Each structure stands twice: as C-alpha cells, then as structure tokens.
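Working notes for the structure below.
The values are calculated or read from the model by the stated rules, or taken from the named source; none is laboratory data. On a predicted model such as this, the values are computed, not experimentally measured, just so you know. Please note: Cβ atoms are built from the backbone with ideal geometry, for glycine as well, and neighbour counts cover all protein chains shown. The area values use the complete protein model at the heavy-atom level, side chains included, leaving out ligands, DNA and RNA. Shrake-Rupley method; radii C 1.70, N 1.55, O 1.52, S 1.80 Å.
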Amino acid sequence: MASEMVMVDDVAFAPELTLTKPLALLGTGITDIEIHFLQIKYNAIGIYLEKDIIAHLSSWKGKSATELADDDTFFEALVSAPVEKLFRVVVIKEIKGSQYGVQLESSVRDRLAAIDKYEEEEEEALEKVTNFFQSKYFSKGSVVTFSFSTSSKAEISFVTEGKPEAKHTVENANVVEMIQKWFLGGSRAVSPTTVKSLVEKFAALLAQ
C-alpha cells in the first residue's frame, strides 16, 4: 500500500525489503551540501537491516539517541553485526557516476589507510568499484543499491531509466567493511541526517 511508504524528500522507500531475509527500514536521510546558503540535495538514502540486529546490540539498551550518536563503538557494532544489510541510494540531483565513484573511493581509501589496511588487494578491489561507476550517469531517480548478505561480500547494483540493471560484486572484506562505514560510520558517515534517523530508531528499539 502506497500509504505505508516512507517519504524522504519526494522519494518513496518501502518499509520492508527482502534479501534472503526480511529487512526493515531503520534509517533514512539525504546527502547534501550548502553553497552560498543554498542547500543542494544530492541523494536520498534508506538503510535496511535485519530486525535481529537488536540481539547484537544489548550493551546499548536504554541509551538515548544522543548517547548512541556519540558512541563510535555502537556504529562499529552495527557494521560488524552478522546480519543482512541493504543500503538504497536514490538520486535527487543528477551527477556523473564518476563523481560518486571518486567520493566513495576516497572515503574507503582514507579509512583503510588510517588503520594500515590499504594494500594492493584493497586498491585493486576499490579500483574496480570506481570503474563500475565511471561509465554511469546518475540521472534523477536512478537507484544505487549496496547489499551485504555476508560481512565479507557486497553487491552493488545500479538502475536507471531505459537501461538494464548493472551489477558489481566486491569480494574484499576490508573494502566491504569500509563501504558499510561510509553509511554507518557515526560522526564520519556520508549523511548526518541518516545517522540521526538511525540512532533515534535504535534508541526506541533498545528501550523496549
């Protein structure tokens, strides 16, 4: 039913999706920048996680959204929880796929370099991700989906009007982890509004 859709800046997100298990929409937000006091919105984001993730977060029971937001270990636990995850990114303002690929690449590379895990294998896996986005055009309404059915593998899919779906699999566990952290990385995540939405939702779930 359309009424059950969750709206994020005119973009509709289904409250549930299924990978191999049902996933619930637990966070939504946007990526934007401000130029000369003008807010430019680029993407709407929906974070879908297995509801069972709560079982892996019992240490945070009773914490407020503010406490969760300030706690890096909470976001580490979200990333490392062995549950299925899916991140859906819907384009609001068109850009070249190469621009998106470069943003993703530099974030993942910086995170890996900071913990001395950026080796040849990681560089190669990341280059393939950048190449995947290189030829794409992110017109309004295009959808990028990052699915994680296991913690060591990610599937990226790109859907845009009038073209068949394009897919790419990332099999480097370190790169996969940092792609998750790009979205779920707390204060360093790509979308502060998404993080705020996640901690509010989790504070409510952990209060039950």
For segment 100-182, the per residue accessible area (1.4 Å probe, Å²) is 51
Stretch residue 131-residue 73 to full length: gain in nm at 0.36 nm per residue minus the Cα-Cα span? 17.6 nm
Where a ≥ b ≥ c are the square roots of the eigenvalues of the C-alpha gyration tensor, would you call the chain rounded, which needs a/c under 1.5, or, failing that, prolate if a/b is larger than b/c, or oblate? rounded
Residue-wise HN-Hα coupling along segment 58-65, computed from phi with Karplus coefficients 6.51, -1.76, 1.60 (Hz; x: Gly, Pro): 4, 4, 9, 4, x, 7, 7, 4
Selected from 203, 151, 81, residue furthest toward positive end of dipole (the chain; charges at beta carbon): 203
Kindly list the residues of segment 45-67 that lie in the label zone of residue 20, defined by a backbone N under 15 Å from the point 7 Å along the Cα-to-C-beta vector. 50
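Between residue 64 and residue 207, what length comes free when the chain is fully extended (0.36 nm per residue of separation minus the Cα-Cα distance, one decimal in nm)?
50.6 nm
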Ordered by residue, what ³J(HN,Hα) values in Hz, to whole numbers, does segment 186-203 give under the Karplus form 6.51 cos²θ - 1.76 cosθ + 1.60, where θ = phi - 60° and Gly and Pro are x? x, 5, 9, 6, 5, 10, x, 5, 5, 4, 4, 5, 4, 5, 5, 5, 5, 4
Rel. contact order, % - alpha carbon contacts under 8 angstrom, at least six apart, segment 66-208: 30
Let me know the longest stretch in the chain that avoids all GluC sites (Glu not before Pro) found in a DSSP loop with at most 10 other C-beta atoms within 10 Å. 1-160
Over 24 Å between C-alpha atoms is what I'm after, so list which of 85/167; 21/96; 93/163; 167/196; 51/163 land there. 21/96; 167/196; 51/163
Could you give me the ³J(HN,Hα) list for segment 128-138, computed from phi with Karplus coefficients 6.51, -1.76, 1.60 and θ = phi - 60°, whole Hz, x at Gly and Pro? 5, 5, 4, 5, 4, 7, 3, 8, 8, 10, 8
What whole-number distance in Å separates the alpha-carbon centres of segment 135-152 and segment 68-93? 15
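Could you tell me what percent of the accessible area of the chain is made up of carbon and sulfur, with a 1.4 Å probe and every protein chain present?
Carbon and sulfur: 50 percent of the exposed surface of the chain.
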For the chain, give the magnitude of the charge dipole about the Cα centre (Cβ charges: +1 Lys/Arg, -1 Asp/Glu; no others), in debye to the nearest 20. 540
